[in-house]
Each structure stands twice: as C-alpha cells, then as structure tokens.
Amino acid sequence: QVQLVESGGGLVQPGGSLRLSCTASGMIFSINSMGWYRQAPRKDHELVAAITSGGSITYADSVKGRFTIARDNAKNTVYLEMNSLKPEDTAVYYCHADIHAELRWGQGTQVTVSS
C-alpha cells in the first residue's frame, strides 16, 4: 500500500525557517509530480509548490522567492525549504504525489508562524 509520510512542521517566529519532508513508500514504480498544498483556517486549499519528475517547478505567487521545492527521485522524497516565514504562512501543509496516475495525500503537518 502506498503511503506518504510528512515531517518537519512546527512553531517558528516570523522571519524564521522550516524544512518539510515527505517520503512515499510502498509498491511504487514511478511518481510524476510531487508537491505541497496548504490549508489555513477559513481559507481555501492552496497549491504551494509542485515539481515534476523532470524537474519543472511551480510556485504560488505568495511564496516565490521565499520557498524552495526539491525532490530526490531515488528516495521518493520531496522537500520544501521555507524561509522568511510570515504569519500568513500558518496552515496545515499536505504533501501530494501523482503515483501511477492516482493523486495521493499525506496526513498533513502543522506550520505555525507566530511570535
């Protein structure tokens, strides 16, 4: 059974940094895109960043220049380096991966930016 396991969330002060990781495990032959969505209270689900198996990257305008997405195909892992964090980045961050043409989701990890 394919699973996505996330780690790296937490509480950080404004201007700080966090690194999220997400690893896909199970019977996996190929992964197309991987990335991160987030959902803040009373807001819509938002794409934060995504990266294809070929390395094409998409960022939300709100995180460009502050967040960096990367992936290690050998480890089936995607990373999100988040710098210059703002209170409005507070949300539950969900990893997603297109595995065998099916979109899979992680359980979510809380990121809180507060002084």
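The values are calculated or read from the model by the stated rules, or taken from the named source; none is laboratory data. Predicted, not measured: the structure shown is a model, and the values here were computed from it. Glycine also receives a Cβ, built like all others from the backbone with ideal geometry; neighbour counts cover every protein chain displayed. Surface accessibility is based on the protein's heavy atoms, side chains included, excluding ligands, DNA and RNA. Shrake-Rupley method; radii C 1.70, N 1.55, O 1.52, S 1.80 Å.
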> In region 1-48, which residues are of a type in the set (K, R) and on the phi > 0 side of the Ramachandran plot?
Replying inline: R42
>> All but one of (1) within 17 Å of S21 (Cα to Cα); (2) surrounded by fewer than 17 Cβ atoms within 10 Å (Cβ to Cβ) hold for P87; state the number of the condition that does not hold.
In response: (1)
>> Restricting to region 73-94, count the residues that are farther than 17 Å from T112 by Cβ, in contact (Cβ under 8 Å) with a residue 24 or more places away in the chain and outside any strand (DSSP E or B).
In response: 3
> Any idea how many residues of region 82-94 are under 12 Å from the mean Cα position of the chain (by Cα) and closer than 18 Å to P41 by Cα?
Replying inline: 4
> Before we move on, is A97 more than 17 Å from S114 (Cα to Cα), open to solvent by 60 Å² or more (accessible area, probe 1.4 Å), outside any loop (DSSP other than H, G, I, E, B) and not polar (S, T, N, Q)?
Replying inline: no
> Which of the residues spanning region 29-72 are among the basic types (K, R) and without any contact (Cβ under 8 Å) to a residue 40 or more places away in the chain?
Replying inline: R42, K64, R66, R71
